[in-house]
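Have a look at the structure below before the remarks.
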Amino acid sequence: MRTKYVGIIIVGLLVVVGGYFLLRGGYQAPASAPDPTSAPTVAPKETEKQTETSPPTQAPVTGAAEISVNGTEFSFSPASLNVKAGERVKITFRNKGRAPHNLVIEGLEVGTKTIGGGQADVVEFTAPSLGTYTFFCSVPGHRASGMKGSLKVQ
């Protein structure tokens with residue numbers, strides 16, 4: 001009978017300690033190890049006005065329009081971005097939340113890596129022709145939870 005109570009106490013302590021580390025974000029994967037799930041997935045789920053363009057390059061260029069976007073559970077700030085067609089764009093994405101997030105631009109095949117809370121990543125590209133493009137978090141369930149925004153190319 002006494003062994004049963006000791007076992008229950010040990011299991012309870014493991015649940016409490018595990019929950020603490022999970023909520024605190026205590027574990028983060030090593031930055032040097034490649035993560036096969038960190039590549040952005042671009043799978044259209046909504047119909048948006050998009051134009052055909054050649055894929056933008058991600059080579060760094062000076063003089064780019066610099067935009068800072070923060071992500072948290074489950075939104076982007078700002079959720080609406082405006083750029084000029086043909087302009088070099090540099091988006092710095094900062095994950096202000098606890099869950100892993102990324103920023104992927106649908107139809108342009110560009111996006112950040114999936115990053116943990118408190119981390120940042122940068123994506124650079126040349127703005128395509130006129131149109132409105134959706135950007136979103138491609139972590140499963142995040143886009144459906146409202147983590148999306150619009151990039152308007154004028």
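The table that follows gives values for the structure above.
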{"quantity": "Two-decimal Rg/Rh across the stretch 65-153, once Rg and the Kirkwood Rh are taken from alpha-carbon atoms", "calculated": "0.94"}
{"quantity": "Nonlocal amide H pairs with residue 76, under 5 Å, H built at 1.01 Å", "calculated": "148"}
{"quantity": "Amide proton proximity set for residue 119, modelled H, under 5 Å, gap of 5+", "calculated": "95"}
{"quantity": "Ascending count of other beta-carbon atoms within 10 Å, so fewest first, for 153, 11", "calculated": "11, 153"}
{"quantity": "Ascending count of other beta-carbon atoms within 10 Å, so fewest first, for 5, 133", "calculated": "5, 133"}
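Only the coordinates and a few stated rules stand behind these numbers; no lab work does. From a predicted model like this one, the values you see are computed outputs, not experimental measurements. As a convention, Cβ positions derive from the backbone with ideal geometry for all residues, glycine included, and neighbour counts pool all protein chains shown.
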